[in-house]
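Below: the structure, in structure tokens.
Only the coordinates and a few stated rules stand behind these numbers; no lab work does. Just so we're clear, the structure is a prediction, and the values are computed from it rather than from any experiment. Counting neighbours? That spans all protein chains shown, and the Cβs are built from the backbone with ideal geometry, glycine included.
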Amino acid sequence: MHAGNASAGRERDGSARPPLVRELLLVVGLFAIYKFGRRAANGHTEEAYRNADGVWAFERAVHLPGEGAVQSMLLHGDTLIHLANTYYAVVHFPATLLFLVWLYWRRPRHYVWSRRILAALTGAALALHLLFPLAPPRLLAATGLVDTGQVYGPTVYGAKPATDSMANQFAAMPSLHFGWAVMVAVGLIVATRTRWRWLWLLHPAVTLLVIVGTANHYWLDSIVVAALLAVAFAALSLRSAEPVRGHRPRPATGTRATGHPYAPAAHGVPLARAESHHTSSGVRR
């Protein structure tokens, strides 16, 4: 009984798998919009620094922990800060992509839900990048923080933020590094049943320490993206990810529910029914 239920569950889950080519185009498009959208927010340098002063002053006014305490911990040794910079540079995109690929093949219905959440979160974040350009704490002199990427390496940003053609360094609010990491952890916890699944929370926890310790983000950047993610969770529940039914051709021949064979006849009348009608009406041969 349990094996049959498990098999039926897998079959229902498999029916939710969307067409592969469409999903590849969709996910690639999502990443492209993310990259080009951030670059489109370039050109607001003065506003980004004004906003940074405001964010820094607000954090101190509400007594948020100092970002410097986390950075001091990472700066105890070159190895630790190198690992933090590397984590920031290379884990963000590959981890999210592998998460989507695994869900697509193993948990299709969860994949559809997770992809929708990530798309909604990314769209909201890009809108906020345009409306509220923000210089990261590593570029704000008032913070006294070190740009660990430039000093210790590796870094994904150019040495001159205003002329960086590869990325918009003034799009700190909100932190998609942290938002995507939380979504990866939540998605894997929801989609799996192993007792060890809660360890996936280490990914956003480490990401939070890294983005703050490397002075790429303020605490507030993570708080805002967490709020956006909560709204996305509330608006797009897992139950709304309906299975994607594939086209199933109708069989030319088959078996009735009672187990008796039948075959289609002219005008849509089953052959067995037509023969019965001729016999009962006494048609002469």
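Key figures
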| read-out | value |
| --- | --- |
| Fraction of the pair-distance distribution of the range 72-186 above 22 Å, Cα-Cα pairs, percent | 44 |
| Peptides ranked, highest mean first, by Cβ atoms within 10 Å: ranges 220-227, 205-212 | 205-212, 220-227 |
| Mean Cβ count within 10 Å, highest first, over the residues of peptides 84-94, 190-200, 62-72, 110-120 | 110-120, 84-94, 62-72, 190-200 |
| Inter-centroid distance (Cα atoms) of the range 184-242 relative to the range 54-72, Å | 22 |
| Nonlocal amide H pairs with Leu134, under 5 Å, H built at 1.01 Å | Ala171, Ala172, Met173 |
